[in-house]
Amino acid sequence: MGLISEFKTFINRGNVMDLAVGVIIGGAFATITKSLTDDLIMPVVGYIFGGADFSGYFIRLGEIPAGFKGNPDSYADLKAANVAMFGWGEFLTVFVNFLILAFIIFLLVKAVNKLMPKPEEAPAATPEDVLLLREIRDSLKK
């Protein structure tokens, strides 16, 4: 029974629940960021660099297997067939996605820091040895 009560105590701690909420919101936020990247930003980047789907840029390294029924120019079809590829376009898409997410988090943290009241600077505590030396000095003056 002790293990179960310890587990209940662990789960009921505020920081565990905060972490769970953070993970759920983070998952939803990742979906929004992926849509922002895939549906809005990467098509513009792809258009600028000459293609509509930037994630489709790749270099095929391996041979196409016999009996392959997909499109030999399709990254998704070749990936499904386990053909070795250097998928630099997909990597670039994921990297841009990361940069956007990191920038948005930076802006959020910056905004929250502006909203939070600044802690009042407390005077630094004087170390005990300094206090003792002051007492000795004052005693000697008397």
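Every number in this text was worked out from the coordinates using simple rules, so none of it is lab data. Computed from a prediction, not measured in an experiment: that's the story for all the values here. Here Cβ is always computed from backbone atoms with ideal geometry, including for glycine, and neighbour counts include all displayed protein chains.
Computed from Cα atoms, the angle from the helix 88-115 axis to the main principal axis of the chain rounds to 30 degrees.
At full extension, residue 4 and residue 24 could sit 4.7 nm farther apart than now, given 0.36 nm per residue minus the alpha carbon distance.
Efficiency by 1/(1 + (r/R0)^6): what FRET value for residue 112 and residue 15, r their Cβ-Cβ distance, R0 = 25 Å, to the nearest 0.05? If you can, show how the numbers build up before the last one.
Details: r = 18 Å, r/R0 = 0.72.
Efficiency, from the Cβ-Cβ distance: 0.90.
Separation of segment 105-142 and segment 73-99, taken as the distance between their Cα centroids, equals 53 angstrom. With the helix formula -39500 (n - 2.57) applied to DSSP H stretches of n ≥ 4, the chain reaches a computed 222 nm mean residue ellipticity of -20000 deg cm²/dmol. Computed from label points 7 Å out along Cα-Cβ, the spacing between residue 134 and residue 76 is 7.3 nm.
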